[in-house]
Amino acid sequence: MIVRINVARVLREALATPYRILVTRATGALVRDRIELKLTQYNCHAAVLDFREVDLLDLSCADEVVAKLLRSGQAKFVAIAGLHEDLREQVHEVLEPQHLAVTVVNDDAAPELLGSVSEDSRLAFLELQAAGGTGEELARRLDWPAERAASALEALAAQRLVRHDDDGFTLIPFA
Amino acid sequence: MSRIVDIPAQFDDRGFEQFVAGIGAWPPEERLFLDARGVQWSTPSSILGLLTAGQSIREDKGEKPLLAIPANDDVRSYWSRMRFFEHAADLFELHGKLPRPHRGARHSDTLLEITPVRASEDVHDVVGGIQEGAQRILTGELGLEAKATMGFAMALSESCQNIVEHAGTGGWVAVQTYHYRRRLGRRVAVIAVSDAGVGFRRSLEATQAKRFGDRWRDGTALEAALVQGVSRFRDPGRGQGFAGIKRYLQRWNGKISVRSGTARLAIVPTWDDDVPLVENLCFFPGSQLQVTIPSEDTAAE
């Protein structure tokens, strides 16, 4: 099950504030706690954090909400949606030095990756998105040795950006 | 017995150092008589520093200092509309003709009057409250792109959080634009933050002092925090606040300076001739941070 969480609504539940801004570590920790509670209640393995109604996000709060949620493993797979350009930058700056990455789900474009992702993993993700297939097929299409494709896909799986099961590597159907 | 400390006519960064030197050892042994009658011009940072002196003396259970307020009408009026006197009344015995409390609309050069910061909720209110005004000032007055506003709010938030996270006591913040004649000759937006807390050296001591050995002092603590992004917390996500502020300042050609204890460290853009690191200053409690964003014609240089 994939749950979609409106982060601005969680903020309103957590804090009596007229502002739709996610700032400070304390606020971030409150919001993350509530998100984790929802994930436990719904017993879901994947979550989309929807930032659509959030006007501002500072680095401390981005670390508390996004980076710590990714590190906690509370939801096996996490994506974010509704991020406007400036907020994307904050999330990227928080994830990058911690070697974390997250899938960004867009309304009008294909999902993309944000944070610390190697170029090979990024290309493998795009290729998987375009045509799916096994590691061997992906290697053939990208004209890579099989080991290179396998290594890129395994890195994506280790960062929980794709799923790896008996059928091979697949994208998480967030959208 | 009280000790008279003159507050210089030009109460800017340099004037503030003269003021601190005038106080001498900290905490002061005698009651202070702070004489601001001759002040002709002051910056938001320097008047926040004045409040911090009063706050620190009160927290050290010292005798309430006397403060003779500026004689100059413009300065008095400026301190009034920045709400200096409202906060100073608790910390000083005020002498001189106090202007009537400023009740009118916020002056166009003021984005945020002097506001106490004690807890995370205060930071929320400060940042939320300036959003619209920041857009007007940064894009309208300074001619910066709209996206500069988001980074400005982030820099304000992270600056204020230093108080909540590290100072161990409350502090103050103010945001203003003014014409920066001395070095730049252009308009700037300034975030000024000051607290009377433990300062960078003591905040980082437990985790960093050993690494620096004999070199551990206020200057190295500032370098560790501001240049190396070190935090007293071992959490891997920590220490990013200053990194974020620096990235923002790099993009908009801004400046940051932080004074703590006996040192002052600045990341100096090309338009400024400040010294990156000054050590062996007279001690002043807590930390004083200043972020300066110049107008677009400077940012493009």
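The values are calculated or read from the model by the stated rules, or taken from the named source; none is laboratory data. This structure is a prediction, so every number in the text was calculated from the model and none was measured. So basically every Cβ, Gly included, is an ideal-geometry build from the backbone, and we count neighbours across all protein chains shown. To get the accessible areas, we keep the full protein, side chains included, count just its heavy atoms, and leave off ligands, DNA and RNA. Shrake-Rupley method; radii C 1.70, N 1.55, O 1.52, S 1.80 Å.
Quick notes on this one:
- Extreme residue, nearest to the other protein chains (Cβ to nearest Cβ), among residues of segment B:156-174 that are open to solvent by 10 Å² or more (accessible area, probe 1.4 Å) and either of a type in the set (V, I, T) or assigned to a strand (DSSP E or B) (or both): B:V164
- Residue satisfying condition, being of a type in the set (G, A, S) and farther than 30 Å from B:G244 by Cβ, within set A:A155, A:A146, A:A81: A:A146
- Considered as a group, the residues in segment A:39-50 that are in contact (Cβ under 8 Å) with a residue 40 or more places away in the chain and not in a strand (DSSP E or B) include one that is least open to solvent (accessible area, probe 1.4 Å), and that residue is A:C44.
- A:A130 without any contact (Cβ under 8 Å) to a residue 12 or more places away in the chain, open to solvent by less than 60 Å² (accessible area, probe 1.4 Å) and not aromatic (F, W, Y): no
- Residue among B:A53, B:A71, B:A105 that is more than 14 Å from every other protein chain (Cβ to nearest Cβ), modelled with pLDDT of 95 or more and either surrounded by fewer than 23 Cβ atoms within 10 Å (Cβ to Cβ) or within 30 Å of A:E64 (Cβ to Cβ) (or both): B:A71
- Selection within segment A:32-55 - within 12 Å of chain B (Cβ to nearest Cβ) and touching a Phe, Trp or Tyr at 6+ places or on another chain (Cβ under 8 Å): A:D55
- Total residues in segment A:51-62, condition in contact with a Leu (Cβ under 9 Å, 6 or more places away or on another chain) and buried (at least 20 other Cβ atoms within 10 Å of the Cβ): 7
- Conditions (1) open to solvent by 50 Å² or more (accessible area, probe 1.4 Å); (2) more than 8 Å from chain B (Cβ to nearest Cβ): number failed by A:Y19: (2)
- The residue pairs whose first member lies in segment A:57-80 and is within 11 Å of chain B (Cβ to nearest Cβ), whose second member is open to solvent by 10 Å² or more (accessible area, probe 1.4 Å) and not in a helix (DSSP H, G or I), and whose beta carbons are closer than 6 Å, counting only pairs six or more residues apart or on different chains, are A:A67/A:L100; A:L70/A:L100.
- Residues being more than 9 Å from chain B (Cβ to nearest Cβ) and β-branched (V, I, T) - total across segment A:81-100: 1
- Condition check for B:S80: within 30 Å of A:A62 (Cα to Cα), open to solvent by less than 60 Å² (accessible area, probe 1.4 Å), under 19 Å from the mean Cα position of the chain (by Cα) and among the polar types (S, T, N, Q): no
- Qualifying residue in segment B:246-268 (condition: surrounded by fewer than 22 Cβ atoms within 10 Å (Cβ to Cβ), on the phi > 0 side of the Ramachandran plot and of a type in the set (S, T, N, Q)): yes
Conditions (1) free of Cβ contacts under 8 Å to residues at least 40 places away in the same chain; (2) part of a helix (DSSP H, G or I); (3) more than 12 Å from chain A (Cβ to nearest Cβ), marked per residue:
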| position | (1), (2), (3) |
| --- | --- |
| B:V123 | no, yes, no |
| B:E132 | yes, yes, no |
| B:A153 | yes, yes, no |
| B:V190 | no, no, yes |
| B:G197 | no, no, yes |
| B:F200 | no, yes, yes |
| B:Q208 | yes, yes, yes |
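- Among the criteria (1) assigned to a helix (DSSP H, G or I); (2) surrounded by fewer than 16 Cβ atoms within 10 Å (Cβ to Cβ), the one A:R4 does not fulfil is (1).
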